[in-house]
Amino acid sequence: MRRTILTVLGTRPEAIKLFPLLHALAADPRCESRLCVTGQHGAMVDAVLAQAGIVPDRACGPVPPGLSVDALTALMLVRVGAALDAERPDWVVLQGDTATALAGALAAHGRQIPIAHVEAGLRSGDPRQPWPEEWNRKAIAALATLHCAPTRRAADALLAEAVAPGAIHVTGNTVVDALRWTTARLAREPALGGRMAALERRFAGLHIVAVTAHRRENWGKGVDGIATAIEALAARGDLGLIVPLHPNPAVRGPLQRRLAGLASVALVEPLDYPDFTRLLSVARLILTDSGGVQEEAPALGTPVLVLRDTTERPEGLVAGTARLVGTDPARIVAEAARLLDDPAAHRAMARAHNPYGDGQAAARIAALLLDVAL
Ligand code: UDP
């Protein structure tokens, strides 16, 4: 019997990390692949899906701005519950640690629908960082039937929480699949990277530094520290700093107030994924508090300074392509200067390396969804 597989996603990182799986499922005649988009990130998700050629089967409207975590989770729960009642799938596929994923797990559990958790087992060990995502991921693990761990370390974290060994599979992270697909497409259709091409012309002759920040733990003092570091780096005169602004007012507001008008800083709206992958590959250095960017940068061989105190993705640190630097401006500037001014230090970090996957994760996960006994 053909299996019906309902993928539920709501945020930009979920869309990026699930489009390769949606491609793999769509190509397999043994299943009926359905997609529900919860609206958590609105237009940023529509842009990722459009560039991947994917049309959702169910698209919920946008989320009202300024919702609390409670209200957002409650809204996602109602939306996913309605989708599950209408679709009655054999599997629900959820990704990562978002409000959409947590609500999806609760709704599926309430209806006894098996959950496949993509990117399972990431742990910082600190329930406050990333907040609330660390706990979301643990809660989803407690309810899932199939755990697709991106790395051996993630699988070990699940084993340590007494998840049944037979339910855990090391698949690699689908972000590497997404990056490869997009990089190949950019090579065929360079016009897709048009916004970055314009920024590269603006900063011709300078080293490009990519900066992103959005984490809740960094709101307030952390974002202030990051802005101070950007000001100091801008004053060097040899850098073009490109800062795609997250739509959340808690981060974009302070960054705009502090950095607008600096000639060597480009504050830009979120870049479409092809433009953003081009930014990561041309950058001399990346400063970020993002989870996904920590996984993408090593695959491109671009050094990353992680603007956080802990990470649930230590594989990049172990591989030597990422360093944790926190949000103290003096530390960020000193670590950045070391990489910018010492070619040997830069070379040591700039080895392309794929601790997070080999680009075949989506095919492995699709096979599991079809093969695992239900
Ligand atoms: N990204 C993007 N455009 C941007 C900034 C980020 O396409 O302007 C992508 C990035 O490549 C990564 C994902 O968005 O795959 C990360 O999103 P974010 O940092 O918002 O979330 P996190 O990964 O921390 O959950």
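The values are calculated or read from the model by the stated rules, or taken from the named source; none is laboratory data. This one's a predicted model, so the numbers in the text were calculated from it and none came from an experiment. Counting neighbours? That spans all protein chains shown, and the Cβs are built from the backbone with ideal geometry, glycine included.
The figures follow:
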read-out	value
Answer residue from the range 214-246, given it is of a type in the set (Asp, Glu) and closer than 20 Å to SER290 by Cβ and is modelled with the lowest pLDDT among those	GLU217
Residue list for the range 255-278, filter: among the aromatic types (Phe, Trp, Tyr) and over 21 Å from LEU206 (Cβ atoms)	TYR273
Single unsatisfied condition, SER68 versus (1) more than 29 Å from GLN360 (Cβ to Cβ); (2) at pLDDT 95 or above	(2)
Any hit, the range 41-60, residues being out of contact with any Lys or Arg (no Cβ under 9 Å at 6 or more places or on another chain) and of a type in the set (D, E, K, R)	yes
Counted residues, the range 128-167 - those being assigned to a strand (DSSP E or B) and within 16 Å of the ligand (Cβ to nearest atom)	1
Residue match in the range 308-328 (condition: among the hydroxyl-bearing types (Ser, Thr, Tyr), closer than 15 Å to ALA227 by Cα and away from the ligand (no atom under 12 Å from the Cβ))	yes
Residues of the range 181-237 that turn out to be basic (Lys, Arg) and in contact with an Asp or Glu (Cβ under 7 Å, 6 or more places away or on another chain), as a count	2
In the range 352-370, residue farthest from ASP177 (Cα to Cα) [restricted to those that are surrounded by fewer than 20 Cβ atoms within 10 Å (Cβ to Cβ) and more than 21 Å from the chain's Cα centre (by Cα)]	LEU370
Members of the range 1-44 found to be within 16 Å of the ligand (Cβ to nearest atom) and under 16 Å from ARG364 (Cα atoms), listed by number	LYS17, LEU18, PHE19, PRO20, LEU21, LEU22
Test: ARG137 is crowded, with 22+ Cβ neighbours inside 10 Å, among the basic types (Lys, Arg) and at pLDDT below 95	no
Residue count for the range 140-160, restricted to those that are surrounded by fewer than 20 Cβ atoms within 10 Å (Cβ to Cβ) and among the hydroxyl-bearing types (Ser, Thr, Tyr)	1
Index of the failed condition, ALA47 passing every other in (1) within 16 Å of the ligand (Cβ to nearest atom); (2) part of a helix (DSSP H, G or I); (3) crowded, with 19+ Cβ neighbours inside 10 Å	(3)
Answer from VAL176, VAL170 - the residue that is more than 18 Å from ALA47 (Cα to Cα), at pLDDT 95 or above and within 12 Å of the ligand (Cβ to nearest atom)	VAL176
Selection within the range 57-88 - out of contact with any Cys (no Cβ under 6 Å at 6 or more places or on another chain) and crowded, with 24+ Cβ neighbours inside 10 Å	MET76, VAL80
Filtered residue count, the range 265-296, keeping only those that are over 26 Å from LEU317 (Cα atoms), more than 7 Å from the ligand (Cβ to nearest atom) and touching a residue at least 40 places away in the same chain (Cβ under 8 Å)	2
Odd one out for GLY42 among (1) buried (at least 17 other Cβ atoms within 10 Å of the Cβ); (2) modelled with pLDDT of 95 or more	(2)
Residues of the range 301-321 satisfying the condition of being modelled with pLDDT of 95 or more and of a type in the set (A, V, I, L, M, F, W, C)	VAL304, LEU305, VAL306, LEU307
Looking only at the range 188-214, and only at residues there that are within 16 Å of the ligand (Cβ to nearest atom) and assigned to a loop (DSSP other than H, G, I, E, B), the one that is surrounded by the fewest Cβ atoms within 10 Å (Cβ to Cβ)	HIS214
